[in-house]
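Here the structure comes first, spelled out in structure tokens, and everything after it is commentary.
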Amino acid sequence: MNPTRPKAFLIDLDGTLYFKSEPCPGAIETVHYLRQEKYQLRFLTNTTAKTPKMLHKQMQALGFDIHENEIFNATYACLLYLRSQPDVSCHFMVDDAVKAFFKEIPTNNDTPDFVVVGDYGKRFNFHTLNHAFRLLMDGAELIALQKSPYWFSPEGIFLDCGAFVTLLETASGKTAKVMGKPSETFFRIALDSLQLSQSEAIVVGDDITSDIVGAQATKMRSILVKTGKFKPHQLENPVAKPTWVLDSVLELSQLF
Ligand SMILES: [Mg+2]
């Protein structure tokens with residue numbers, strides 16, 4: 001029996017459509033196929049070092065037919081959240097381009113309401129982390145753009161902002177509000193933008209702990225692809241169970 005056809009796919013970018021700066025095999029053709037079949041698409045990524053505009057340029061350069069308004073990242077979800085909070089100020093630990101994206105939110109490095117942690121690269125050090133820790137101990141709340149502990153680049157594996165968020169949580173005893181995957185809020189923002197319910201969309205991703213956990217929390221069907229971050233041992237006692245497991249996104253066209 002064929003599975004119920006969805007109206008939309010919420011597709012991860014890193015590890016699902018591209019990996020280490022190269023498109024995954026068949027990924028460009030798959031996006032093309034899904035458009036031909038009139039599926040609505042949203043691209044959900046935890047990449048926080050870039051704005052949706054920058055991600056759009058990057059995906060176009062790789063050869064993908066993706067529109068800027070289809071890209072949702074944790075940075076955008078965070079801006080929507082901060083806009084919904086009256087008169088807040090923040091201490092930002094984010095990349096300069098991302099800081100500019102938050103320009104409407106007042107910066108406060110002494111008595112902020114929130115410490116916002118994203119991709120801060122080499123600027124994560126004892127001094128900057130200890131400053132953030134003190135702000136948390138003085139009453140600020142912690143926001144994590146995402147909580148992935150590591151990521152892959154062409155130069156190798158790197159610590160991601162989640163590792164530093166966990167460090168700050170442990171030291172301060174506070175729990176971060178997570179903006180990106182697997183936060184249910186993040187998937188809801190994408191569904192709302194499509195005016196669809198959770199039964200009408202399917203999540204596609206390479207990461208059980210972000211893509212599949214988030215899909216399960218939002219009660220959506222999901223597809224785990226065995227590219228990018230995927231490791232076979234993750235399917236033994238998985239933290240969340242995908243509806244389907246495919247070798248790569250290329251097999252999507254055989255399923256739907
Ligand atoms: Mg991924």
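The values are calculated or read from the model by the stated rules, or taken from the named source; none is laboratory data. If you're wondering where the values come from, they're calculated on a predicted model, not measured in any experiment. Cβ atoms come from the backbone with ideal geometry, glycine included; neighbour counts cover every protein chain shown.
Observations, loosely collected:
- Some residue of region 30-37 being farther than 22 Å from residue 146 by Cβ and within 16 Å of the ligand (Cβ to nearest atom): yes
- The single condition from (1) at pLDDT 95 or above; (2) surrounded by fewer than 18 Cβ atoms within 10 Å (Cβ to Cβ) that residue 235 fails is (1).
- Only residues that are in a loop (DSSP other than H, G, I, E, B), modelled with pLDDT of 90 or more and under 30 Å from residue 39 (Cα atoms) were counted across region 147-179, and they come to 1.
- Selection from region 50-63 of residues that are surrounded by 19 or more Cβ atoms within 10 Å (Cβ to Cβ) and either at positive phi or not in a helix (DSSP H, G or I) (or both): 50, 51
- Among the residues of region 180-197, just one is in a helix (DSSP H, G or I), touching a Leu at 6+ places or on another chain (Cβ under 9 Å) and either over 25 Å from residue 162 (Cβ atoms) or within 12 Å of the ligand (Cβ to nearest atom) (or both), namely 194.
- Being within 15 Å of the chain's Cα centre (by Cα) and assigned to a loop (DSSP other than H, G, I, E, B) is a condition met by at least one residue of region 17-28.
- Contact map, region 68-84: residues that are under 13 Å from residue 49 (Cβ atoms) paired with residues that are in a strand (DSSP E or B), Cβ distance under 7 Å, separation 6+ or inter-chain. Pairs shown: 73/45.
- Odd one out for residue 10 among (1) part of a helix (DSSP H, G or I); (2) buried (at least 17 other Cβ atoms within 10 Å of the Cβ): (1)
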